[in-house]
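Asker: This is the structure I want to talk about, given as structure tokens.
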Amino acid sequence: MRQVLDVVGVRVTAINETTRTAIQQIVGNSLTEGTTIADLADKIEEQFDQTWNGRAEAVARTESQVAYNTASAKSFEESGLVSEIELLDNDKHTDSYGAEDGWSCSERNGQVVPLADAALHIRSEHINGSMAIAPVLTTPLGEV
């Protein structure tokens, strides 16, 4: 869990470490309990003043994506059955936004990449991101 929370809140701008830690705790607790984006956004909004309308929802959506995809990548790695992942993203979003991996959402969608590169693609997803990752099995399940 700590490995997942360490990457939550990293991309939230114009906040200090105390706020980042508080966001990590809110996101971690909320996702562990099971929540919706709207409920998570409400919890963030209750705790912090928004600098722009909709920021709490953007943080909730983005940090959920980071947490869930990071946790998935860690579990795929631990399984020993996955060496590649498929990136599932918005095929309608074609705008270039300077992503670290160099792709737009539509270019990223459907790409099969090494599991070792998961963190790069998770970081590259834009705010309000919708990307998910799926395992590509190295060994068929019947052969385990």
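The values are calculated or read from the model by the stated rules, or taken from the named source; none is laboratory data. Predicted model, so just to flag it, every value in this text is computed and none were measured. Neighbour counts run over all protein chains shown; Cβ positions are idealised from the backbone, glycine included. Accessible surface is based on the protein model in full, side chains and every heavy atom, while ligands, DNA and RNA are left aside. Shrake-Rupley method; radii C 1.70, N 1.55, O 1.52, S 1.80 Å.
Asker: Kindly list, by first and then second residue, each pair from a residue in segment 46-64 that is closer than 19 Å to Met131 by Cα to a residue that is of a type outside the set (A, V, I, L, M, F, W, C) and modelled with pLDDT of 80 or more, limited to pairs with Cβ atoms under 7 Å and residues at least 6 apart or on different chains.
Answerer: Ala56/Glu45
Asker: Out of (1) open to solvent by less than 60 Å² (accessible area, probe 1.4 Å); (2) not in a loop (DSSP other than H, G, I, E, B), what's the single condition that is false for Gly110?
Answerer: With respect to (1) open to solvent by less than 60 Å² (accessible area, probe 1.4 Å); (2) not in a loop (DSSP other than H, G, I, E, B), Gly110 is out only on (2).
Asker: How about segment 1-52: which helices (runs of 4 or more DSSP H) wholly inside it have at least 1 residues that are under 22 Å from Ser75 (Cα atoms) and at pLDDT 70 or above? Explain how you work it out, then say what you get.
Answerer: Numbers: elements: 2-5, 17-33, 37-47.
In segment 1-52, the matching helices (runs of 4 or more DSSP H) lie at 17-33.
Asker: Taking Asp117 as the residue in question, decide whether it is closer than 25 Å to Thr19 by Cβ and either open to solvent by 30 Å² or more (accessible area, probe 1.4 Å) or more than 17 Å from the chain's Cα centre (by Cα) (or both).
Answerer: Details: closer than 25 Å to Thr19 by Cβ: no; either open to solvent by 30 Å² or more (accessible area, probe 1.4 Å) or more than 17 Å from the chain's Cα centre (by Cα) (or both): yes.
Criteria not met by Asp117.
Asker: Just give me the residues in segment 58-91 being on the phi < 0 side of the Ramachandran plot and out of contact with any helix residue (DSSP H, G or I) (no Cβ under 7 Å at 6 or more places or on another chain), in sequence order.
Answerer: Filtering segment 58-91 for residues on the phi < 0 side of the Ramachandran plot gives 58-79, 81-91.
Once the filter is applied, which keeps residues that are on the phi < 0 side of the Ramachandran plot and out of contact with any helix residue (DSSP H, G or I) (no Cβ under 7 Å at 6 or more places or on another chain), segment 58-91 yields Ala58, Thr62, Gln65, Tyr68, Ser72, Ser75, Glu78, Ser79, Leu81, Glu86, Leu88.
Asker: Shifting gears a bit: Return the pairs, sorted by first residue and then second, in which the second residue is open to solvent by 50 Å² or more (accessible area, probe 1.4 Å) and part of a strand (DSSP E or B), the first residue lies in segment 74-102 and is of a type in the set (S, T, N, Q), the beta carbons are less than 7 Å apart, and the residues are 6+ apart or on different chains.
Answerer: From residues that are of a type in the set (S, T, N, Q), the pairs are Ser83/Pro114.
Asker: Counting only residues that are surrounded by fewer than 18 Cβ atoms within 10 Å (Cβ to Cβ), of a type in the set (Ser, Thr, Tyr) and part of a helix (DSSP H, G or I), how many does segment 53-85 have?
Answerer: 3
Asker: Does any residue in segment 118-135 that is farther than 16 Å from Ser75 by Cβ come within less than 8 Å, Cβ to Cβ, of a residue that is open to solvent by 50 Å² or more (accessible area, probe 1.4 Å) and assigned to a strand (DSSP E or B) six or more places away or on a different chain, and which pairs are these?
Answerer: Qualifying pairs under 8 Å: Met131/Leu88.
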